[in-house]
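Structure, as structure tokens:
Every number here is computed from the coordinates shown, using simple stated rules; none is lab data. Just so it is clear, the structure is predicted and the values come from calculations on it, not from any experiment. Cβ atoms come from the backbone with ideal geometry, glycine included; neighbour counts cover every protein chain shown.
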Amino acid sequence: MIIRLRDLEGWVDLRLGETTDLDAAAMANIEQQAIDLFLSSNPLTIDGQPIVPSAAKVEQLSVGVNGLKVLENPLNTNRDTALLGIVLSYPRDKLPNEVSLKWDLFNEETETIPVQISDPAGAVPGQVTRDVPDISWKNYILNWSDPKTQPVRVAAVRSIPVPVWSLGLVIFAIFLGAFAWRNRSGQWQGWAVGALSICLAATALRTATVEMTFPTDTLANTEAAVEITEKIVSNLATARLETQGAQMSEVLSAFVTAEAVNDIGAEIRRGLSVTLPSGAAAQIESTEGLIVESVEPKTDGGSQLLARWNASVSGGHWGHLHRRTVAYRALLEVRQYEGAWFLTGLTILEARLNRQFTSEGGNS
């Protein structure tokens with residue numbers, strides 16, 4: 001919700017007197033009063049059940065050419081022009097069938113409140129009024145599946161070049177040599193010369209090789225390392241969607257060892273989190289350009305991969321959809337267990353935000 005400070009004063013007695021310029025301490029008090037007000041106002045139901053927010057926060061906003069932007073810790077705030085953004089969170093495990101909200105904060109100046117409802121299919125504008133204060137969303141999305149992490153099953157093989165022709169000729173030469181040794185009477189010299197000639201031919205054909213592959217639990221194969229890293233990076237993007245610790249641990253268990261779940265969950269929140277200018281936490285839409293720079297064996301039998309990739313991220317906040325590209329570079333430690341590859345360690349070395357971004361939609 002976006003409100004003016006003077007709108008808040010119409011609902012709550014902030015006891016500001018004649019003060020026009022507000023310092024950080026005064027604004028902190030005002031923001032807390034705004035949270036208290038909205039936690040007890042505008043009742044919301046999900047699938048017919050009343051729901052209270054699990055979290056709430058207030059941010060100061062400014063309006064610019066790219067829309068609304070969060071102001072980070074301003075020292076002073078003008079009472080007459082201040083804008084506040086209030087975010088209430090109601091985490092759910094899956095898309096509900098219906099969400100309804102009854103807006104009950106009106107004043108003499110404001111009879112109509114513009115509203116925008118956004119879901120995976122897009123955004124729809126609307127409004128609430130004193131006479132019609134209810135607004136609802138119904139789930140008409142037919143082809144929706146919740147993103148899920150998947151086990152990383154990639155066959156890693158080790159290739160050995162085998163000079164098949166040379167090997168065959170050497171075996172044949174050994175046979176002729178043995179035959180000549182056992183039949184030394186007569187023309188054994190000719191058999192021996194033949195065996196020697198075949199050995200020389202085998203030497204000349206040693207470059208004619210065939211690649212023989214064998215399963216391995218170490219990543220010497222570059223193609224396998226890239227495929228494993230791509231699947232793990234995709235899983236990391238899905239895990240980042242979880243906002244609750246217990247749910248993140250559950251989705252991580254599909255591709256992270258039990259011993260590393262807590263550490264890797266913390267590193268995901270630290271290294272993969274991207275905050276857009278609007279203050280929204282961005283979601284990773286897609287990844288591309290993945291390159292595995294190096295693969296190093298570990299003493300415990302696993303491998304350490306140094307990789308980099310680009311991620312397209314987006315976040316909708318305050319009526320805008322922002323998109324950017326983030327360049328990541330990371331160390332990933334992996335190990336194979338029962339035919340699947342598991343992440344045992346993760347260090348995000350770099351998360352470089354592209355300065356260029358796109359902004360879609362209008363203010364609400």
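Any chance you could count the Lys pairs in region 1-140 whose alpha carbons are under 25 Å apart, treating pairs 8 or more apart or on different chains as valid? If you can, show how the numbers build up before the last one.
Details: K57/K69; K57/K94; K57/K102; K94/K102; K94/K138; K102/K138.
So the count of such lysine pairs works out to 6.
Say each of T222 and A56 gets a label point 7 Å from the Cα, pointing the same way as Cα to Cβ; how far apart are those two points in nm?
5.7 nm
Starting from the Cα gyration tensor of region 50-115, multiply each eigenvalue by 5, take the square root, and state the resulting semi-axes largest first in whole Å.
Working: eigenvalues 147, 67, 30 Å².
Its equivalent ellipsoid spans semi-axes of 27, 18, 12 Å.
Given H placed 1.01 Å from N in the peptide plane, which residues other than close sequence neighbours of V274 have an amide H under 5 Å from its amide H?
Sorted by chain and number, the residues that satisfy this are A282.
Calculate one ³J(HN,Hα) per residue across region 261-271 by plugging θ = phi - 60° into the Karplus curve 6.51 cos²θ - 1.76 cosθ + 1.60, and present them in order as whole Hz with x for glycine and proline.
With the stated coefficients, region 261-271 comes to 4, 5, 5, 6, x, 5, 5, 4, 5, 7, x Hz.
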